[in-house]
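I have placed the structure first, in the form of structure tokens, so that the comments after it can refer back to it.
The values are calculated or read from the model by the stated rules, or taken from the named source; none is laboratory data. Fair warning: this is a prediction, and the values are worked out from it, not measured in the lab. Cβ placement follows ideal geometry from the backbone for every residue including glycine, while neighbour counts extend to all protein chains displayed. Just so you know, the surface numbers come from the protein's heavy atoms only, side chains and all, with ligands and any DNA or RNA stripped out. Shrake-Rupley method; radii C 1.70, N 1.55, O 1.52, S 1.80 Å.
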Amino acid sequence: MGESASIMLAPYPTLEEVPASWKAPAVEKGMGLIKEVIHAARSLRAQYDIKPQARPSFCVRVSSHEVAALISPQEDDIITLTRAEKVTTVVGGEAPAASGVMIVSESIQVYMELRGMVDASAEIAKLEKQLGSVDQRVQGLERQMNIPGYETKVPANIRENNTNKAEALGTEKANILSAIESFKALMIDG
């Protein structure tokens, strides 16, 4: 880094000027995961309209002990930044009952305890509306894919894209149905 008479006159430092000893890609990756977990938890609070004074519990489900080792030491920070009662990190296992979920990646899911936090019947109504929308999109895609000559007239890349869309919609529908069942169980238990 070049010397200057004043910081006011010095050029802004560039990434190339940073000493290699200051760079820590593993730490940056870990903090990136923590940031994504915090974002997911905050998004869950917003999605279910959780009041700021409410302190929900979160469960971060990960697929490996390596990912858990990155997240577990930061649980206190996650609690503070998400205004949570507690945060636990678990490797694998079943999804917690009566909880909302936000998928961070294929290896990280964030669950928020919903019991006592939301109106289950209102959430079921919202989910049923979403389900209707997904069903309409599925039917439209099926109509496109079932037209005579689809396999021969439609280019391969579009057929593949439609197949991927159909799979994604199927997954979305399954997730909505699962969430509806969770809220029904929450109504029975709650």
| Between 66, 17, 106, which gets the highest mean-square fluctuation from a Gaussian network model of the chain, Cα cutoff 10 Å? | 17
| remark: Residues whose built amide H sits under 5 Å from the amide H of residue 104, excluding neighbours closer than 5 in sequence, are 109, 110
| field | Sequence-distant residues sharing a close amide H with residue 89 (under 5 Å, placed H) | value | 60
| aspartates and glutamates whose Cα lies under 15 Å from that of residue 51, excluding same-chain neighbours fewer than 8 positions away | 85, 113, 119
| message | Please enumerate, by chain and number, the aspartates and glutamates with C-alpha under 13 Å from the C-alpha of residue 173, excluding those fewer than 8 residues away in the same chain. | response | 128, 135, 181
| request: Would you mind computing, in nm to one decimal, how far apart the modelled labels at residue 156 and residue 8 are, each placed 7 Å from Cα along Cα→Cβ? | output: 6.6 nm
| said: Below 25 Å, Cα to Cα, which lysines can residue 23 reach? Residues fewer than 8 away in the same chain don't count. | reply: 35
| Is the chain rounded, prolate or oblate when judged by the Cα gyration tensor, a ≥ b ≥ c being the square roots of its eigenvalues, rounded requiring a/c under 1.5 and prolate requiring a/b larger than b/c? | oblate
| field | Most to least packed among 38-44, 147-153 [average Cβ atoms within 10 Å] | value | 38-44, 147-153
| How much mean residue ellipticity at 222 nm does the chain get from its helices, if each DSSP H run of length 4 or more adds -39500 (n - 2.57) and you divide by all residues, to the nearest 500 deg cm²/dmol? | -18000 deg cm²/dmol
| Environment charge of residue 133, counting only residues whose C-beta is closer than 13 Å and scoring Lys/Arg +1, Asp/Glu -1 | +1
| query | When the accessible area of segment 16-111 is split by element with a 1.4 Å probe, what percent falls to carbon and sulfur? | reply | 55 percent
| How long is the gain from residue 27 to residue 65 if the chain were fully straight, where each residue apart is worth 0.36 nm and the alpha carbon distance is subtracted? | 12.0 nm
| query | Per residue, how much accessible area does the chain show when a 1.4 Å probe rolls over the protein heavy atoms, in square angstrom? | reply | 66 Å²
| remark: In the chain the DSSP beta bridges are antiparallel at a rate, in percent to nearest 5, of 65 percent
